[in-house]
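Visitor: Here it is, the structure, as structure tokens.
The values are calculated or read from the model by the stated rules, or taken from the named source; none is laboratory data. Computed from a predicted structure; not experimentally measured. Here the Cβ positions follow ideal geometry from the backbone for every residue, glycine too, while neighbour counts run over all protein chains shown. Ligands, DNA and RNA are excluded from the accessible area calculation, which covers all protein heavy atoms including side chains. Shrake-Rupley method; radii C 1.70, N 1.55, O 1.52, S 1.80 Å.
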Amino acid sequence: MKKTVRSGELSPAKLRWRCPMALFDFKTTDDIKPCQDIIGQDRALGAIKMGLKLEHRGYNIFITGLAGTGRTTTIKHLLERLEKKGPIPPDVCYMNNFKDPNMSRCIELEAGGGIHLIADMNRLIAELMSKIPSLFRSDYYKDKRKKLVEEYQVKQKDIISKFEKSIAGEGFTMVRIQVGPIIKPEIMPVVDGNPVNLPQIEKLAEEGKLSKEKVKQYEESAEKLSEQMQSVYLQVKDLEREANRILEEFDFDTVRPVIHDLIQEIDRKYQNEALARELEDVEDALMQKLDLFRSPEEAGAPQQPAAETEPGEREDPFREFRVNVVVDNSETKAPPVIIENFPNFRNLFGAIERDIVFGGVSRADHMNIRAGSFHRANGGYLVLNALDVFTEPGVWQSLKRTLKSNEALIQSYDPWSIMGSSAMKPEAMRLKVKIVLIGDDELYSLLFSYDEDFQKIFKIKAEFDREVKNSNGVIKQYAGFIKALGSKEHLKAFDRSGVAAVVEHGVRLAGRQGKLSTRFSEIADVIRESDYNAREEGNGFVTGKHVRMAIRSRNERLNLLEDKIQERIDEGTIMIDTVGSVIGQVNGLSVYDLGDYMFGKPSRITARTSLGNAGVINIEREADMSGRTHNKGVLILSGFLRGRYGQAHPLAMSASLCFEQSYGGVDGDSASSTELYAILSSIGEIPLRQDVAVTGSINQKGEIQPIGGVNEKVEGFFRVCKARGLKGTEGVIIPGQNVADLMLADDVVEAVAQKKFHIYPIRTVDEGMAILTGLPGGKPSKTGKYSSGTVNRIVQDRLLDMAERWRDFGKEKSEK
């Protein structure tokens, strides 16, 4: 006759932590102040604050933790609350490098100086456009220039006149002949008072009008005089070049004081060494381009149409003298905080754009340089998502180079462009930026292990915890968080029951009664959806009922697979027994994690044993459907069997374990105790209760170890039993260490209170077998034998019998 062994089951009070509403000294959250603190992240906050204040090289910050724990919100909050007394970073300008246009000059000015420099350079050009043409039109300039021109014209005419007189004495004259657009001087003999070219001379000789000797004389003289003419014209050209030089010097002497004074005025205003060097080159370049200030007639050249950058848009002839302010801090009041949500190469490190000018030709100069977030964050902080940084081509390597060199180089980088990149390489910008990368632990570990530069440039790790200790202070902060979110998003106020329901949901998310979740993105969603429910009902504030409705609605949106599995169980397609007792069969509990939703359901676990020496055979492993943790659990229970029952004789047993109707693979060791119960039942032929489901892992000493997902597992079996009608005997065996993790649904707690469902915490295998079989586990005597009528004695005797039969079988086989 079986003796029923009872184990202490849990009271309803231990199944769910209740938020003490007496803690709240308000009626609704309208009566309290919003919480502006970061809840439960003291460790991370300390690391971040240290990283933000340390100005040494390499003290950039990498933030890790689960998404939704407030990582981005925290860093925003901290950066906003930093002291606003830090130095304002400079403006950054690019100007043309007249000595090497491909290496545009980087000039840093005090904040606000960039836009002033643009105005000053534009004013410089405007004033020169007014003053220089006025000088060129002045009577003094015209008279002086005319006098210089006439002086050289007289000298040229004198040289040419002397030459013409010289050749006239030899019977020649100089004639100017139009050859296309060019007027070409030529020496011709004079016959009968008229110039005659050499072909005509030969014709006259053929007609007998000139002797051959005369013709030969003309030809020889013409050759000699042509050489003299070349020498004369070289003298004329030298005079012309000298005249142009003198005229240019005259122009320079006339205009230079105007340009120099205006340039010096700008130089004195800014007192900037780099700008001073640039202004010297600007002055020289302007002196070389005085024709820009003349009309086409004054310049002595036909007017050329200006190039077009776009249809109808004329190119600025003074573009090379303009200023491009790439970073403008004129309105910056504190060190900048840049949060770059799209950190591709262009957005981070800037670009050199290209203009399409007339004819489809692309062009780039200093005015096409565009800064990125890195440059705008100079002197401040740049916040990036680590995964985004690594998925964008070229970003990570450039980020490391920039942080190591403290210089930011703007370059053309567009691997998908059909046009080649620009040859421009502007001067690098000096940089001092604190980088904050937001990622996860796995990415941090990979970088720390495989990228040697990572440890040097990200010396501060800030880990965000997913949970915080459940204390009165944190509970009040939860209420303040609800208030803050409501104020920000114009949500209805929560009464005390509503706040309590949100806090209890936080405990459920944390997975332990002594903890509260810091996954505030999920908490915020529940708050918003609770507000929706209150508005739909027309309530003035949100109550606990609305919060529970929001949680239930969220679960219903995500639990399609759970419902489908429940349907299969209800109709018998998935076979689960909840009544009676069966040998070698136990209801284990599995958790299905869908990412955004997790639920539990029972799984039938069976064991069959026989004589043999194969040990425990894991069918899931043999079918390649078992994970490593599950394989380990099976090996552990094999160790337990050898340790408890294989000391006096070998275990002559083969046992097979199977998760019935499992087609998607099994992992985790939380069913190892369940599998052990099935094996012990099969060995001793002891029936196991089917109205009790089991979860818990074991060690080799037979101690029950805690598992994850205990709430989902208990609720999963409860739902199956409830669908079939609770008879008052159903229950779940859980590890004793998991009692502190229980945060069961209200209907489960109510069923336990009504004695319709039971939760059994255990700490050893023997306690579990006692509940499942109604028999005590028993304790061994000094000889190693267990008491009669106990589970262990039954299994011990059965294994001894199997060992003897295996021995006898071996003898018979050897005799044959």
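Visitor: For the range 232-278 and the range 665-706, write down the distance between their C-alpha centroids in whole Å.
Guide: 98
Visitor: Which aspartates and glutamates, if any, have their Cα less than 14 Å from the Cα of residue 425, not counting same-chain residues under 8 positions apart?
Guide: 100, 353, 365, 407
Visitor: Arrange the peptides 802-810, 586-594, 93-101 so that the one whose residues have, on average, the most other Cβ atoms within 10 Å appears first.
Guide: Going from most to least packed, we get 586-594, 93-101, 802-810.
Visitor: Sticking with this structure for a sec: Reachable aspartates and glutamates from residue 224, Cα under 18 Å, same-chain residues fewer than 8 places away excluded?
Guide: The qualifying aspartates and glutamates are 164, 170, 186, 213.
Visitor: I need the peptides 35-47, 562-574 ranked by packing, meaning the mean over residues of other C-beta atoms within 10 angstrom, with the highest value on top.
Guide: Going by the mean number of other Cβ atoms within 10 Å, highest first, we get 35-47, 562-574.
Visitor: Okay, moving on. Over the chain, what is the relative contact order in whole percent, taking alpha-carbon pairs under 8 Å and six or more residues apart?
Guide: Once normalised by length, the contact order is 17 percent.
Visitor: Let me see the P(r) profile for the range 456-582: every Cα-Cα distance counted, bins of 10 Å, each bin given as a percent of all pairs.
Guide: 12, 33, 24, 18, 11, 2, 0
Visitor: Given a cut-off of 22 Å, name the pairs among 14/492; 14/755; 601/727; 14/469; 701/785; 99/289 whose C-alpha atoms lie farther apart than that in the structure shown.
Guide: 14/492
Visitor: If you don't mind, there's one more thing I want to ask. Evaluate Rg over Rh across the range 768-816, taking Cα atoms for both radii and Kirkwood's formula for Rh.
Guide: Reported Rg/Rh, Kirkwood definition of Rh: 1.20.
Visitor: Next question. How are the alpha carbon pair distances in the range 601-658 distributed across 5 Å bins from zero to the largest one, expressed in percent?
Guide: Cα pair-distance distribution for the range 601-658, in percent: 4, 16, 26, 28, 15, 8, 3, 0.
Visitor: Stokes-Einstein D for the range 714-778 at 10 °C, 1.306 mPa s, Kirkwood Rh over Cα pairs, in µm²/s?
Guide: Translational D for this selection: 126 µm²/s.
Visitor: With each pseudo-label sitting 7 Å past Cα toward Cβ, what's the residue 287-residue 785 distance in nm, one decimal?
Guide: For residue 287 paired with residue 785, the spin-label model returns 12.0 nm.
Visitor: In square angstrom, what is the accessible area per residue of the range 484-581 with a 1.4 angstrom probe?
Guide: It amounts to 48 Å² per residue over the range 484-581.
Visitor: Next question, about the same structure. With 10 Å bins from zero, work out the P(r) of the chain over every alpha carbon pair and list the percent per bin.
Guide: 2, 9, 13, 12, 12, 11, 9, 7, 6, 5, 4, 4, 3, 2, 1, 0, 0
Visitor: For residue 112, enumerate residues with amide H under 5 Å from its amide H, sequence gap 5+ or separate chain, H modeled in the peptide plane.
Guide: Hits under the 5 Å cutoff: 91, 329, 330.
Visitor: Straight-line reach from residue 53: which lysines have a Cα under 16 Å away, not including same-chain ones fewer than 8 places off?
Guide: Straight-distance partners of residue 53: 76, 84, 85, 432, 434, 459, 461.
Visitor: Over all directions, average the projected area of the Cα convex hull of the range 667-816 and note it in nm².
Guide: That works out to 11.9 nm², a quarter of the Cα hull's surface.
Visitor: So how far apart, in nm, are the two label points at residue 146 and residue 268 if each is 7 Å from Cα heading toward Cβ?
Guide: Placing both labels 7 Å beyond Cα along the Cβ direction yields 3.7 nm.
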